[in-house]
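The values are calculated or read from the model by the stated rules, or taken from the named source; none is laboratory data. This structure is a prediction, so every number in the text was calculated from the model and none was measured. Here the Cβ positions follow ideal geometry from the backbone for every residue, glycine too, while neighbour counts run over all protein chains shown. All accessible areas refer to the heavy atoms of the entire protein, side chains included, with ligands and DNA or RNA removed. Shrake-Rupley method; radii C 1.70, N 1.55, O 1.52, S 1.80 Å.
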Amino acid sequence: MTRYSKVIGTGAYLPSTIRTNEQISETVDTSDSWIYERTGIKSRRIAGPNESAASMAEIAARLALEAANCDANSIDLIIVATGTPDRVYPSTGCLLQQRLNIKNCVAFDIQAACSGSIFALSIADQYIKSGAAQTVLIVGTEICSRIVDWNDRGTCILFGDGAGAVLLSASNEAGILSTHIHSDGEYEDLLYCPNPQVATELNKHETGVINMRGNEVFKMAVNTLGKIVDETLEANNMDKSAIDWLVPHQANIRIIMATAKKLKMSMDQVVVTLEHQGNTSSASVLIAFNEAVRDGRIQRGQVVLLEAFGAGFTWGSALLKY
Ligand code: ACO
């Protein structure tokens with residue numbers, strides 16, 4: 001019998017503080033209309049001074065556990081995707097394990113920038129399918145606001161904070177149908193965030209903020225996401241029309257619309273959260289997925305395509321039967 005990874009619970013957390021485009025326009029030379037027209041974003045959430053990647057992850061994880069009616073101690077693997085970990089080490093995964101008071105599980109972080117949650121889903125799926133794990137908690141959690149240069153209008157308009165979680169369990173019923181992940185380090189200088197604490201002579205003047213050549217990233221994202229859609233459909237011998245929902249990484253509405261067009265999908269079948277959340281990097285796909293599960297749009301048995309693109313470059317997809 002085929003062994004699948006099945007979604008048994010989802011959760012998400014967004015900090016309460018809202019930062020609007022108008023507020024950003026007070027400090028950099030931009031406007032609400034420019035930001036909204038070019039990105040689809042109106043506002044984003046900003047974590048409070050006492051919040052961290054681990055504290056937000058805990059809230060999202062507890063909601064996923066509650067939705068699955070599952071005890072934290074049944075988790076045997078935690079994978080946290082984050083580019084803004086509380087500490088270099090221990091991993092945010094270990095900090096989350098401690099917060100959830102789980103004694104016997106493995107926990108680690110992965111770093112794939114905005115594609116982090118898709119990479120985590122792919123790893124979790126391999127563990128479950130091979131029999132190495134039974135129940136896996138995946139969390140994408142990000143405090144992007146602390147690595148954004150609030151004087152750089154090219155990046156500060158885009159990012160927001162939040163966490164999304166999904167709980168997977170081994171099942172004989174169809175769940176994750178396939179995952180596809182890719183990396184290409186050749187483009188590292190188009191989108192990066194330095195770690196000044198380990199600077200070398202070459203980059204010792206860099207600060208720890210996001211640097212992005214937005215327009216070039218934009219073009220790469222549109223092309224690459226088009227290709228990943230084809231790859232996913234082909235691997236499953238599936239027609240576009242079989243997909244009920246697209247849950248894309250929330251970076252820019254124009255990138256999302258290009259992928260929907262490629263799939264010949266109406267925007268009614270696309271889960272869009274970025275208007276009031278911005279780009280929450282590795283958290284965005286899981287936050288959007290949670291929203292559409294909880295409001296009843298995504299129903300059991302439907303086919304859902306999740307996809308993302310981010311720094312590295314990294315990109316990937318996960319096709320699942322919910
Ligand atoms: N307000 C007003 N003008 C602006 C702003 C702003 N906030 N930002 C840039 N501009 C100006 C530029 O200076 C430029 O002016 P110029 O023509 O006088 O030189 C003009 O607008 C056009 O700039 P572009 O960069 O070409 O604008 P574009 O339409 O590409 O939009 C944006 C910029 C929104 C950043 C877009 O490129 C984008 O979304 N890129 C992709 C981001 C992304 O997907 N990242 C991947 C995931 S993130 C991760 O992995 C961490």
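Based on C-alpha pairs under 8 angstrom that are at least 6 apart in sequence, the chain has a relative contact order of 26 percent. A 1.4 Å probe run over the protein chains yields, for the stretch 4-173, 41 Å² of accessible area per residue, whole-number rounding. A DSSP coil position with no more than 13 other Cβ atoms inside 10 Å describes the following GluC sites (Glu not before Pro) in the stretch 133-202: Glu173, Glu201. What figure, in Å² to the nearest 10, do you get for the accessible area of His276 with a 1.4 Å probe and non-protein molecules left out? Its accessible surface works out to 100 Å², give or take rounding. To put it simply, the accessible area of the stretch 68-145 at a 1.4 Å probe is 48 percent carbon and sulfur. Residue by residue through the stretch 66-73, what is 3J(HN,Hα) from phi via Karplus (6.51 cos²θ - 1.76 cosθ + 1.60, θ = phi - 60°)? Round to whole Hz and write x for glycine and proline. Ordered by residue, 3J(HN,Hα) equals 5, 4, 8, 6, 10, 7, 4, 6 Hz. Only beta bridges with both residues in the chain are counted; by DSSP, about 70 percent of them are antiparallel. Here the 3J(HN,Hα) profile of the stretch 271-287, calculated from phi with Karplus coefficients 6.51, -1.76 and 1.60 at θ = phi - 60°, is 8, 10, 10, 5, 3, 10, 10, x, 8, 9, 6, 5, 7, 5, 5, 6, 5 Hz, Gly and Pro shown as x.
Solvent-accessible surface of the stretch 237-306, taken per residue with a 1.4 Å probe and all protein chains present: 39 Å². Note on the stretch 177-321: with neighbouring protein chains present and a 1.4 Å probe, carbon and sulfur make up 49 percent of its accessible heavy-atom surface.
3J(HN,Hα) along the stretch 239-249: 8, 3, 5, 7, 8, 7, 9, 9, 10, x, 4 Hz, from the Karplus curve 6.51 cos²θ - 1.76 cosθ + 1.60 with θ = phi - 60°, whole Hz, x for Gly and Pro.
Annotation: lysines with alpha-carbon distance below 17 angstrom to Lys264 (same-chain offsets under eight excluded): Lys227, Lys240.
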